[in-house]
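Have a look at the structure below, then the notes.
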Amino acid sequence: MALVDQYLRMADLANQPARTAKTYITKSGQKRTVTAKAATRGITGFSIKHIYHLMNEGKFPKCVKIGRASLWRLSDINQWLESHNTTNSSEV
C-alpha cells in the first residue's frame, strides 16, 4: 500500500486580502457582477510575495509543479512549521 501525500495551494498557505464586489457592463450590454471575497488567513500568516522570497532564499520548502499548478506537500510544510516552532520556543 503506497502512502498518498496531500498537497496545499498558495491560497492555503498565504494570507489573501479582501475583495469587494464589482459590477461591470460587457460589450454586449450585459450586466456582470464579480462577487466579493472575505479576507482569509493562510497557514503561514505570510503574503504570497514573502513566501516566494523565502523560497528563493532556501528558507521555505520548494513547490512541486503538477501541470501548471504550484503545490506544496503537506508533510514538507508541517516539517517547516515544526522546525520554526522548536527554534522559537528555545529562544524564549
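Note on the stretch 27-63: among residues that are without any contact (Cβ under 8 Å) to a residue 40 or more places away in the chain and among the β-branched types (Val, Ile, Thr), the one that is least open to solvent (accessible area, probe 1.4 Å) is Thr44.
Strands (runs of 3 or more DSSP E) fully within the stretch 29-74 that include at least 3 residues being farther than 16 Å from Arg9 by Cα: 31-34. Examine the stretch 42-54 for a residue that is basic (Lys, Arg) and within 13 Å of Trp72 (Cα to Cα), and state whether such a residue exists. No, every residue in the stretch 42-54 fails to be basic (Lys, Arg) and within 13 Å of Trp72 (Cα to Cα). Any residue that is aromatic (Phe, Trp, Tyr) and either open to solvent by less than 80 Å² (accessible area, probe 1.4 Å) or under 12 Å from the mean Cα position of the chain (by Cα) (or both) - is there at least one of those in the stretch 5-26? Yes: the stretch 5-26 contains one or more residues that are aromatic (Phe, Trp, Tyr) and either open to solvent by less than 80 Å² (accessible area, probe 1.4 Å) or under 12 Å from the mean Cα position of the chain (by Cα) (or both).
The values are calculated or read from the model by the stated rules, or taken from the named source; none is laboratory data. Everything numeric in this text was worked out from a predicted model, so none of it was measured. Here Cβ is always computed from backbone atoms with ideal geometry, including for glycine, and neighbour counts include all displayed protein chains. To get the accessible areas, we keep the full protein, side chains included, count just its heavy atoms, and leave off ligands, DNA and RNA. Shrake-Rupley method; radii C 1.70, N 1.55, O 1.52, S 1.80 Å.
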